[in-house]
Amino acid sequence: MTSTDSAATDHAQKTPAKDPWDLPDVSGLVVGVLGGTGPQGKGLAYRLAKAGQKVIIGSRAADRAQAAADEIGHGVEGADNAETARRSDVVIVAVPWEGHGKTLESLREELAGKLVVDCVNPLGFDKKGAYALKPEEGSAAEQAAALLPDSRVTAAFHHLSAVLLQDAEIDEIDTDVMVLGEARADVEIVQALAGRIPGMRGIFAGRLRNAHQVESLVANLISVNRRYKAHAGLRVTDV
């Protein structure tokens with residue numbers, strides 16, 4: 001057999017490419033939401049819990065978290081941030097940008113080994129509207145990765161309207177969720193979580209070094225929403 005024939009045989013024996021829509025079953029995972037008493041966190045908690053996910057809302061104050069959980073219903077629990085991190089398999093970070101670094105730094109031990117999903121958008125506001133900020137690390141997600149070296153950090157859920165997420169009259173959220181991360185298995189878990197919410201798809205959008213563009217786009221969506229009195233989301237075509 002020639003070397004060419006051998007190479008052809010090896011190629012033929014290779015495992016077929018994985019179907020990008022072959023995503024894992026995540027229904028049994030516990031999802032914690034840090035900053036779950038804010039509009040974005042509360043909306044995500046509501047949608048995931050309504051879809052059947054076990055959800056714990058985290059806050060600096062456990063009683064405040066429990067009050068938000070009681071308001072949401074659907075089996076959502078409330079706890080302080082540290083307990084939420086400890087009890088969860090996947091932890092969504094939905095805290096305000098101003099407290100992002102300090103919050104994660106204080107939870108480094110509790111978040112070790114966890115899959116962390118950062119959805120924080122570093123934004124500033126002035127009389128011209130919203131504009132993107134550039135963290136020293138490059139993005140909020142990269143800051144999270146730097147502060148949580150023992151966690152598996154991904155980025156997702158940036159472009160969702162908190163108003164739509166919390167509106168119980170709306171059954172489906174018509175949008176795609178761009179998911180970024182370093183490990184395919186982790187990204188696919190987050191994609192699958194997004195897909196649990198009716199109307200949503202999770203779409204792989206690159207590694208964490210590309211998170212800044214995704215976070216920054218929220219400033220553009222805010223401009224769209226203000227001009228058109230809308231709650232705009234994103235759809236990726238031909239995928």
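The values are calculated or read from the model by the stated rules, or taken from the named source; none is laboratory data. All values reported here derive from a predicted model rather than from experimental measurement. When we count neighbours, we look across all protein chains shown, and the Cβ atoms used for this are built from the backbone with ideal geometry, even at glycine. Note: accessible area is taken over every heavy atom of the protein model, side chains too, but ligands, DNA and RNA are not part of it. Shrake-Rupley method; radii C 1.70, N 1.55, O 1.52, S 1.80 Å.
Results, tabulated for the structure shown:
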{"quantity": "Any hit, region 104-120, residues being closer than 18 Å to residue 38 by Cα and part of a helix (DSSP H, G or I)", "calculated": "yes"}
{"quantity": "Subset tally (residues that are open to solvent by less than 40 Å² (accessible area, probe 1.4 Å) and either acidic (Asp, Glu) or closer than 21 Å to residue 214 by Cβ (or both)) for region 111-134", "calculated": "12"}
{"quantity": "Filter result (touching a Pro at 6+ places or on another chain (Cβ under 9 Å) and either under 14 Å from residue 48 (Cα atoms) or of a type in the set (A, V, I, L, M) (or both)) within region 178-190", "calculated": "185, 189"}
{"quantity": "Region 137-150 - residue that is of a type outside the set (A, V, I, L, M, F, W, C) and open to solvent by less than 20 Å² (accessible area, probe 1.4 Å) and, of those, farthest from the chain's Cα centre (by Cα)", "calculated": "138"}
{"quantity": "Filter result for the condition that a residue is in a loop (DSSP other than H, G, I, E, B), of a type in the set (A, V, I, L, M, F, W, C) and under 20 Å from residue 121 (Cβ atoms), over 164, 160, 180", "calculated": "160"}
{"quantity": "Pair list, Cβ under 8 Å, 6 or more apart: region 128-144 residue without any contact (Cβ under 8 Å) to a residue 40 or more places away in the chain, other residue surrounded by fewer than 22 Cβ atoms within 10 Å (Cβ to Cβ) and aromatic (Phe, Trp, Tyr)", "calculated": "133/97"}
{"quantity": "Among residues of region 197-214, those that are crowded, with 18+ Cβ neighbours inside 10 Å, more than 16 Å from residue 236 (Cα to Cα) and out of contact with any Asp or Glu (no Cβ under 9 Å at 6 or more places or on another chain), counted", "calculated": "0"}
{"quantity": "Residues of region 215-232 that turn out to be open to solvent by 20 Å² or more (accessible area, probe 1.4 Å) and touching a helix residue (DSSP H, G or I) at 6+ places or on another chain (Cβ under 8 Å), as a count", "calculated": "3"}
{"quantity": "Qualifying residue in region 171-180 (condition: open to solvent by 50 Å² or more (accessible area, probe 1.4 Å), within 19 Å of residue 35 (Cα to Cα) and either of a type in the set (Gly, Ala, Ser) or more than 14 Å from the chain's Cα centre (by Cα) (or both))", "calculated": "no"}
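Residues are listed down the side, and each one gets a yes or a no for (1) assigned to a helix (DSSP H, G or I); (2) surrounded by fewer than 19 Cβ atoms within 10 Å (Cβ to Cβ); (3) touching a helix residue (DSSP H, G or I) at 6+ places or on another chain (Cβ under 8 Å):
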site: 58; (1), (2), (3): no, no, yes
site: 65; (1), (2), (3): yes, no, yes
site: 82; (1), (2), (3): yes, yes, yes
site: 85; (1), (2), (3): yes, no, yes
site: 92; (1), (2), (3): no, no, yes
site: 95; (1), (2), (3): no, no, yes
site: 99; (1), (2), (3): yes, yes, no
